[in-house]
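Here is the structure we will look at.
Taken together, the values in this text are just the output of simple stated rules run on the coordinates, not laboratory data. Just so you know, these numbers come straight off a predicted model, no measurement behind them. All Cβ positions, even for glycine, are placed from backbone atoms using ideal geometry, and neighbour counts span all protein chains on display.
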Amino acid sequence: MFSRLKRHLKKRSRKGLTLVELAIVVLVLGVIMGIVFYNLRGTATDVMTGAKKLQVSQFQANQLPRKLDEFRDAGGSVNPGEDLTVLLQEIPESSYSPAKEELVLDPWGKPYFMCQGEDGSDRICSYGKDKEEGGEGEDADFQLDDDRTWPDWLKKK
């Protein structure tokens, strides 16, 4: 009798998943992915802010003033109000090598521009994320070559 039952069960044994079992697996995976996404959503924003901060404070704040001086030494000029895309151009009959585009763009993709500091000196400036004068947080204006004017989000903590 047991041998007959075994044969019967072997014939009826199935391979694979039923539609219900598959739906349960997909549902469980969806719940797990939702939990992971919910816990990581703030992390992506923090990483982007950290990348912007590093780009400005470590790379651009050091390299852009040097490149501007090199441009001026080669005979180029930049007036207050002009953007720094002029640094991307070659200067005929000089050894000046043009800057890379990522050097002259602020973290929001708009070119830095020349402005006047409080003491009347030329400064490298950005209007911030909103690309308009004034603002707070990431919208705040700042002078790249004067870290005293940097908004709180950009200062080292």
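Counting other C-beta atoms within 10 Å, and keeping those with at most 14, which DSSP coil GluC sites (Glu not before Pro) do you find in the stretch 90-135?
Answer in residue order: GLU90, GLU93, GLU118, GLU132, GLU133.
With r as the distance between the Cβ atoms of THR149 and SER97 and R0 = 25 Å, compute the FRET efficiency 1/(1 + (r/R0)^6) and round to 0.05.
0.30
Within 10 Å, count the other beta carbons around each residue, average over each peptide in 20-33, 103-116, 61-74, and list them highest first.
Order by mean packing, descending: 103-116, 61-74, 20-33.
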